[in-house]
Structure formats: structure tokens, C-alpha cells
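Notes to accompany the following structure.
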Amino acid sequence: MEEAMPGFMMRLVQEFADKVQPALADRYLREGEVGRCRICGRPTSRDREICSFCAVRMRAAGTATG
Ligand SMILES: [Zn+2]
């Protein structure tokens, strides 16, 4: 079911990231808990190697290829 429209899912994820990431980045900067996604370089929490955007994107890609 979920792999029916990976392109649509990707677009949702991207729009979500564009809206949410700036707010998260601002929060992280204030708290001084800034990490960097090793894939896209977006600010993320320090205990994470990749941001939530890339995590979902990788899952979507994996689903698309089966
Ligand atoms: Zn990322």
C-alpha cells in the first residue's frame, strides 16, 4: 500500500521538511544542541547522524526499490 506513490510521498516529505526544519534549526541554535546531518547538512540533534528528512527519504527510497 505505502509504496504505491513514492513520488507523492517524497513531495510530502520535502514540503514537510521545508516548513519544519527552519523552525527546528532555530530551536537547536538557541539550545546550542546543533548537530549536522551527514547527508544534507541540515541542523539536527547531536545524537543523530542524519536528519528526519533524510531518514524518511531513505525509507521511501528503500520502499520504492522493494
Ligand atoms: Zn538530512
Förster radius 22 Å - calculated FRET efficiency between ASP47 and ASP26, Cβ distance, rounded to 0.05: 0.70
Integer Hz, Karplus 6.51/-1.76/1.60 couplings in order for segment 45-54, x for Gly and Pro: 5, 5, 7, 10, 7, 10, 7, 5, 4, 5
Inter-label distance, nm, simple model (7 Å from Cα along the C-beta direction), VAL34/ALA55: 2.1
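Laboratory data are not the source of any read-out in this text; all were calculated from the coordinates shown. Only a predicted model underlies this, so the values are computations on that prediction, with no experimental measurement involved. When we count neighbours, we look across all protein chains shown, and the Cβ atoms used for this are built from the backbone with ideal geometry, even at glycine.
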